[in-house]
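Right, one structure below, let's go through it.
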Amino acid sequence: MVLKRLTTLRKSVLDIIDSSSAPLNAENIHGKLRDRPDLSSVYRSLSFLEERGLIRSVSFECETRYYFGAGKEPVHFIHCKKCHRTESFHGCFATELEESVRDDHDFTITDHVFYFIGICGDCKRKMMEELEGGKL
Ligand SMILES: [Zn+2]
Ligand SMILES: [Zn+2]
């Protein structure tokens, strides 16, 4: 059993990721750990867990990586490129696409991750206010 060999820190990191509905970055995870280890230990735990397939990550075209549980489904995210708020959403149109990709490319699909990048409502309103404020 893989879990038995996990250190306390790795286990805590895994628990935090598995119990979160949205993907988390290393700093989010660090902030949730009770006995604040240094951030580099958190990063090492994350690499360890990811290498063993216990967690997965996505970078949303920014430098930060966001981690989520390996068994979590569906994996569909919206990511605000201004404040980096990330949420999951339901609904998927990939099923039909999968069949044609599988047949056209002779490829066995085992999983997919899908995300939209954009601006969240709060950031959009803030931008509008700044824009209007500048005009006055
Ligand atoms: Zn935002
Ligand atoms: Zn999907």
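No value in this document is a laboratory result; all are computed from the given coordinates. Given the structure is predicted, the values throughout are model-derived calculations rather than measurements. Please note: Cβ atoms are built from the backbone with ideal geometry, for glycine as well, and neighbour counts cover all protein chains shown.
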Residue of VAL13, VAL101, VAL58 that the Gaussian network model of the chain assigns the largest fluctuation, springs spanning Cα pairs under 10 Å: VAL101
Residue separation between ASP122 and GLU63 times 0.36 nm, minus their alpha-carbon distance, gives in nm 19.0 nm
What's the extension gain from LYS32 to ASP103 if we count 0.36 nm per residue and subtract their Cα-Cα distance? 21.1 nm
Through the Karplus equation 6.51 cos²θ - 1.76 cosθ + 1.60, θ set to phi - 60°, convert the phi angles of the range 104-118 into ³J(HN,Hα) values in whole Hz; use x for Gly and Pro. 5, 10, 6, 10, 8, 8, 10, 6, 8, 10, 10, 8, 9, 10, x
ILE78 to LEU131: FRET efficiency via 1/(1 + (r/R0)^6), r the Cβ-Cβ distance, R0 35 Å, to the nearest 0.05? 0.95
Describe numerically, in nm with one decimal, the distance between label points set 7 Å from Cα along Cα→Cβ at THR110 and at TYR43. 2.8
May I ask you to order 86-97, 39-50 by the average number of other C-beta atoms within 10 Å around their residues, highest value first? 39-50, 86-97
Residue by residue through the range 64-71, what is 3J(HN,Hα) from phi via Karplus (6.51 cos²θ - 1.76 cosθ + 1.60, θ = phi - 60°)? Round to whole Hz and write x for glycine and proline. 7, 9, 10, 10, 9, x, 5, x
Need one number: % antiparallel among DSSP beta bridges in the chain, to the nearest 5. 60
Protection-proxy order for peptides 22-29, 62-69, each taking the mean of Cβ atoms within 10 Å per residue, highest first: 22-29, 62-69
How compact and how long is the chain, expressed as Rg and Dmax of its alpha-carbon atoms in Å? 18.3, 64
